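Peer 1: Encoded as structure tokens, here's the structure I'll be asking about.
The values are calculated or read from the model by the stated rules, or taken from the named source; none is laboratory data. Bear in mind the structure is a predicted one, so any value in this text is a computation, not a measurement. Virtual Cβ from ideal backbone geometry, glycine too; neighbours counted across all protein chains shown. Areas reflect the complete protein model, heavy atoms only, side chains present, ligands, DNA and RNA absent. Shrake-Rupley method; radii C 1.70, N 1.55, O 1.52, S 1.80 Å.
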Amino acid sequence: MMAWGDQCTSWDDSVDIANIELFDYKDIPEDQFVMTTWHEDEPVEEVFWYAQNCAFQPVVELNNTLILDISPVERGERLLLLFSKSIETQNQ
């Protein structure tokens with residue numbers, strides 16, 4: 001899970017805590033572990049590049065990417081375009 005934007009560390013922390021609580025504060029099985037990162041001061045293009053080139057789960061193959069944008073303005077098309085460009089850059 002990669003959080004981006006103002007105060008995104010609170011999202012990062014929330015996912016970490018939810019994953020820990022899910023397993024009652026005990027060891028988390030490798031196939032259930034959620035790695036989180038936050039990218040408050042980085043452009044979203046760099047976060048998308050990171051998602052394409054550095055994000056992986058050692059046990060479970062990640063085949064899909066979900067972009068959840070919580071914003072007062074609609075920017076879904078722009079984000080999808082930027083994400084698509086990050087895929088093109090990776091494939092070059």
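Peer 1: Search region 42-61 for residues being within 13 Å of Leu79 (Cα to Cα) and not charged (D, E, K, R), and hand back the single one that is farthest from the chain's Cα centre (by Cα). Steps first, answer last, please.
Peer 2: Residues of region 42-61 within 13 Å of Leu79 (Cα to Cα): 43-49.
Okay, now just the ones that are also not charged (D, E, K, R), so 43-44, 47-49.
Details: Pro43: 14, Val44: 11, Val47: 8, Phe48: 9, Trp49: 11 Å.
Looking at the filtered set, the residue picked out is Pro43.
Peer 1: Among all residue pairs at least 6 apart or on different chains, which show Cβ distances below 7 Å where the first residue, located in region 76-90, is on the phi > 0 side of the Ramachandran plot and open to solvent by 50 Å² or more (accessible area, probe 1.4 Å) and the second is among the polar types (S, T, N, Q) and at pLDDT below 95?
Peer 2: No pair meets every condition.
Peer 1: Now, a different point. Return the residue satisfying two criteria in turn: it lies in region 25-70 and is of a type in the set (D, E, K, R) and under 18 Å from Cys8 (Cα atoms), and of such residues it is most open to solvent (accessible area, probe 1.4 Å). Step through it out loud before you land on a result.
Peer 2: Pass one, region 25-70, residues of a type in the set (D, E, K, R): 26-27, 30-31, 40-42, 45-46, 61, 69.
Restricting the remaining residues to those that are under 18 Å from Cys8 (Cα atoms) gives 40-42, 45-46, 69.
Working: Glu40: 76, Asp41: 147, Glu42: 71, Glu45: 84, Glu46: 97, Asp69: 55 Å².
Only one residue fits best here, namely Asp41.
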